[in-house]
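Enquirer: Provided herewith is a single structure, encoded as structure tokens, for subsequent inquiry.
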Amino acid sequence: MSETEAETDETDTHEQADTEPEPSDDAVVPVGVKLGSTRTVIVYPSPDGEDTETVRTLTCLATYEDVLTGEERILYGEEAATEYPDTVEFMLRSGLPEDEESAESAATFFTELLKSNDVPENSAVVYAIPTIDNEAGLANLESVVEGSHIGTELVRSYPESLCGALPAFEDGLGAINDIFVTINMGSTNLEVCAYRRGEQLVPLSTGSITGNEVDRRVANYVEEETQGRVNIDLTTAREYKEEHADFEAFEPFTDVIQQPGGGSHEFTIEHSVMDACDEYVDEVVDEVANSFLPELANSYMKVYQLALDQPIVVTGGMACLPGIAAEIERRLTDELQRDVEIVRADRPDLAAAEGAHEIANHLADGL
Ligand SMILES: Nc1ncnc2c1ncn2[C@@H]1O[C@H](COP(=O)(O)OP(=O)(O)OP(=O)(O)O)[C@@H](O)[C@H]1O
Ligand SMILES: [Mg+2]
């Protein structure tokens with residue numbers, strides 16, 4: 001899959017390495033990183049260089065005191081979220097490390113994550129960044145990646161929606177020289193943008209159409225649907241959405257809560273999850289059809305035409321919902337009264353890190 005394969009095993013000889021002036025010199029390893037507000041994803045070559053490893057974890061941190069030594073210990077990811085729901089910190093909750101404190105937490109999180117996964121230090125790192133007008137936040141994110149042990153050879157950032165679009169195209173990195181529209185559907189932001197050979201045209205970013213907002217609605221609708229008997233927190237709402245939302249084959253599901261006075265209450269959810277997701281798709285389509293595309297047409301008529309002749313790429317975690325691409329395609333086609341095609345990568349939640357890895361692979365080649 002990758003054009004160059006990383007050499008990490010010193011006994012392994014490689015055709016390419018033989019022709020290099022320093023055959024035993026460690027090849028630069030391409031690493032793709034996406035530090036997201038909900039999840040972080042890292043893609044890097046497997047030790048044999050044949051394939052890639054993918055790390056996917058919740059972007060959160062908890063600390064506890066080691067009862068034997070009295071030392072402070074750090075937990076991250078799913079373990080931290082499940083075991084310490086009371087103190088766990090999602091330091092990128094708003095999308096970027098906003099202040100020094102969250103930048104420091106993010107650095108600690110990233111360091112721990114790299115340590116427990118043996119991500120190679122002699123690497124060319126490409127990390128995905130949100131399209132947000134927040135210089136301080138972006139500088140903090142940069143310091144987190146630049147300050148880490150990896151990326152000794154190179155560290156570069158590219159827009160998350162560009163990285164996330166590449167794996168949706170057959171020619172992968174080749175698409176970077178094309179014209180296309182991307183819709184990046186994340187937890188804290190919806191980003192819509194046209195790319196012209198990698199250049200962003202009329203990027204739009206809104207914090208009001210988000211995966212987090214869907215979770216809030218799911219929680220509210222569950223309360224309504226159960227006549228106030230069931231209150232779920234936002235983590236549970238997110239899990240309901242991620243596990244059950246399905247535009248093709250949604251099935252009502254049951255869950256059980258413990259009653260405060262003892263006993264348990266079983267309930268069935270029929271509408272809450274899909275109502276929230278349905279509204280989300282409507283809002284995405286409305287934003288694309290009635291804000292973004294008119295703006296693109298206004299500023300770059302020809303590019304607009306070219307872009308709509310190409311498939312539009314949906315990416316980000318919310319693009320994982322089964323059937324959502326076809327649903328957006330149907331509603332957008334209706335709204336625009338012209339055919340549009342929507343495509344997505346196999347794993348839109350991993351796509352930004354995968355695309356970043358592809359770019360890193362290319363850049364490492366030139367080192
Ligand atoms: N199968 C899934 N896997 C991962 N995330 C999913 C899935 N289904 C839905 N989601 C949702 O996608 C959102 C996360 O998307 P993504 O990882 O792209 O966000 P992010 O880049 O961290 O956020 P942002 O860029 O908005 O700050 C969350 O709302 C999450 O619940
Ligand atoms: Mg994102």
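Enquirer: Please determine whether any residue of region 137-160 is of a type outside the set (S, T, N, Q), within 14 Å of V314 (Cβ to Cβ) and touching a Gly at 6+ places or on another chain (Cβ under 9 Å).
Expert: Yes, that holds for at least one residue.
Enquirer: Exactly one condition in (1) surrounded by fewer than 19 Cβ atoms within 10 Å (Cβ to Cβ); (2) over 26 Å from S187 (Cβ atoms); (3) in contact (Cβ under 8 Å) with a residue 12 or more places away in the chain is false for S264; which is it?
Expert: Result: S264 passes all but (3).
Enquirer: A further question on this structure: Restricting the search to region 170-192, which residues are part of a strand (DSSP E or B), of a type outside the set (V, I, T) and more than 13 Å from ligand 1 (Cβ to nearest atom)?
Expert: Scanning region 170-192 gives a single hit, F180.
Enquirer: Separate question: Pick from region 203-257 the residues that are acidic (D, E) and assigned to a loop (DSSP other than H, G, I, E, B): which of them is nearest to ligand 1 (Cβ to nearest atom)?
Expert: Selected residue: D246.
Enquirer: Only one residue in D365, D346 is surrounded by fewer than 24 Cβ atoms within 10 Å (Cβ to Cβ) and either within 16 Å of ligand 1 (Cβ to nearest atom) or farther than 30 Å from S123 by Cα (or both). Which one?
Expert: D346
Enquirer: Moving to a separate point now. Residues Y195, Y221: which one is over 19 Å from D282 (Cβ atoms), aromatic (F, W, Y) and touching a residue at least 24 places away in the same chain (Cβ under 8 Å)?
Expert: Result of the check over Y195, Y221: Y195.
Enquirer: What number goes with the only condition from (1) outside any helix (DSSP H, G or I); (2) in contact with a strand residue (DSSP E or B) (Cβ under 6 Å, 6 or more places away or on another chain) that P260 does not pass?
Expert: (2)
Enquirer: Consider region 171-207. How many of its residues are more than 15 Å from ligand 2 (Cβ to nearest atom), farther than 21 Å from V126 by Cα and of a type outside the set (A, V, I, L, M, F, W, C)?
Expert: 0
Enquirer: Taking region 26-35 only, how many residues are at pLDDT below 95 and not β-branched (V, I, T)?
Expert: Residues in region 26-35 being at pLDDT below 95 and not β-branched (V, I, T): 2 in total.
Enquirer: Another one. Could you count how many residues in region 224-261 are within 29 Å of the chain's Cα centre (by Cα) and surrounded by 10 or more Cβ atoms within 10 Å (Cβ to Cβ)?
Expert: Total satisfying the criteria: 22.
Enquirer: Taking the residues in region 211-234 that are out of contact with any helix residue (DSSP H, G or I) (no Cβ under 7 Å at 6 or more places or on another chain) and among the polar types (S, T, N, Q) as candidates, determine which candidate is nearest to T268 (Cα to Cα).
Expert: T226
Enquirer: So in region 32-84, with the set limited to residues that are crowded, with 18+ Cβ neighbours inside 10 Å and at positive phi, which one is farthest from ligand 1 (Cβ to nearest atom)?
Expert: Checked region 32-84; the qualifying residue farthest from ligand 1 (Cβ to nearest atom) is G49.
The values are calculated or read from the model by the stated rules, or taken from the named source; none is laboratory data. As the structure is a computational prediction, the values presented were derived from the model and not from experiment. In this analysis, Cβ positions are derived from the backbone assuming ideal geometry, glycine residues included, and neighbour counts consider all displayed protein chains.
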